[in-house]
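Remarks on the structure that follows.
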Amino acid sequence: MSMESHQSPIASTLKHLAVFLLVAIWTLPTLGLLVSSVRDKDQLSTTGWWSALTSTTQNEAYRLPRAGEQQPDGDGWKIELNIFEDNQGAKVGQWGTSPRAIDEHEAGDTVDFDDNTRLTLAEDGTVTWTSETEFTHTRGPRLFVVQTTPPRFTLTNYKEVLQSEGVGRAFINTLTVTLPATFIPILIAAFAAYALAWMEFKGRMFFLAMIIGLIVVPLQMSLIPVLQVFASIGQAFNVPSKSYVTIWLAHTGFGLPLAIFLLRNYMASLPRDIIESAYMDGATHFQIFMRMILPLSMPALASFTIFQFLWTWNDLLVAAVFLGQGESKTVMTQQLVELLGSRGDNWEILTAGAFISIVVPIIVFLSMQKYFVRGLLAGSVKGG
């Protein structure tokens, strides 16, 4: 009988709820980011993404034009405009001429002023201000409006990000950092993991214990010492201490402990019989590694590839420390910080830019997801 048949209804329900919760935790922020990235800038700054499909109500103040914009109207004069010219689709609820009586009048009401002028504010935002004599004011009065704005979606945020100077170059720079920084540690870790799993030599368990210890060392503790080492090497050989080679080596060093530990656990769980049979048939360790171990270790390799790619693609700290500044060195995360401005209040830039930056990691994750769970469970069951 399968394990499913032994599970109680309560345990099965809890399992499905846990899976649903994990899916929701990952999906909802991504959905919110996508919805926010296509919302209007003003609506994004006032309401959350979960209210994107509902109309928003807010109070606004508009100043009427000066007398110079009046036009003849029969025996009198008229000033006419639409206050929603830049906010198409908005509607007037209530309005007033004082901030203390913003709901004094309803849309469509006509108000007579003491200077023998009349003003009408229609629901669509059309203002008609008439006078029997010529207007002479130099500063137009203000209207305070309770307006309702329907949900608006636009691709302007994406256009602004993509047309910004340096974004395309930053995308190429990020690829230049990420691809080598992903494959170099995989190559080194695969050889090291095979040696720790299947080769007998003195100090093997000591090296394995050191690698496990390095996993828990905070990355921030090693930034300054490693940077000083690179600076010394740069001075000795008269080469730049901050370059793509520098950040490749930094990412390789920071990613190796986890890579070796993950791959070693998986390789050690492979059937010993086939390894020993190949060795008895005269195969060398290199032949066994290339022809048997690597093909069988694809789930673990793919799992670490996902981890390493996501980390290096979204990295800001290591890039800022080991790569430096400059047009040819700026990565996507740094470019997004620059686009935000000094105050960091351009949320529409952040959401659109962030979603553009996660498109590539999502493609990598979805294309390799069939190996992901198997790689995470590496070594937990005999035979992989």
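The values are calculated or read from the model by the stated rules, or taken from the named source; none is laboratory data. None of the values given here were measured: they were computed from a predicted structure. So basically every Cβ, Gly included, is an ideal-geometry build from the backbone, and we count neighbours across all protein chains shown. All accessible areas refer to the heavy atoms of the entire protein, side chains included, with ligands and DNA or RNA removed. Shrake-Rupley method; radii C 1.70, N 1.55, O 1.52, S 1.80 Å.
List of remarks:
- Accessible-area order (highest first, 1.4 angstrom probe) of the listed residues Glu338, Glu348: Glu338, Glu348
- With contacts taken as Cα pairs under 8 Å at a separation of at least 6 residues, the chain carries a relative contact order of 20 percent.
- Length gained on full extension, Ser277 to Thr120: 47.1 nm, using 0.36 nm per residue less the C-alpha separation.
- Kyte-Doolittle mean at least 0.5 and Cα axial length at least 15 Å: DSSP H helices in the chain: 9-37, 167-198, 204-215, 219-237, 244-268, 298-313, 347-367
- Efficiency of FRET from Cβ geometry, Gln369 and Thr13, R₀ 22 Å, rounded to 0.05: 0.30
- Measuring r between the beta carbons of Thr136 and Thr46 and using R0 = 35 Å, the FRET efficiency lands at 0.40.
- Extension gain for Glu85-Arg291 works out to 67.2 nm (0.36 nm per residue, less the C-alpha to C-alpha distance).
- Cα-based Kirkwood hydrodynamic radius, segment 234-337, one decimal, Å: 16.6 Å
- Accessible area of segment 128-246 belonging to carbon and sulfur atoms, whole % at 1.4 Å probe: 68 percent
- Value at 222 nm in deg cm²/dmol, rounded to 500, when DSSP H runs of n ≥ 4 in the chain each add -39,500 (n - 2.57): -17500 deg cm²/dmol
- Fully extending the segment from Ser164 to Phe207 would add 10.6 nm, taking 0.36 nm per residue of separation and subtracting the current Cα-Cα distance.
- Ligands, DNA and RNA are left out, and with a 1.4 angstrom probe the accessible area of the chain is 59 Å² per residue.
- Site-free segments of the chain were taken between trypsin sites (Lys or Arg not before Pro) in DSSP loops having at most 12 other Cβ atoms within 10 Å, sites themselves excluded; the longest one is 203-342.
- Size descriptor, Kirkwood hydrodynamic radius, that averages inverse alpha-carbon separations across the chain, Å: 26.9 Å
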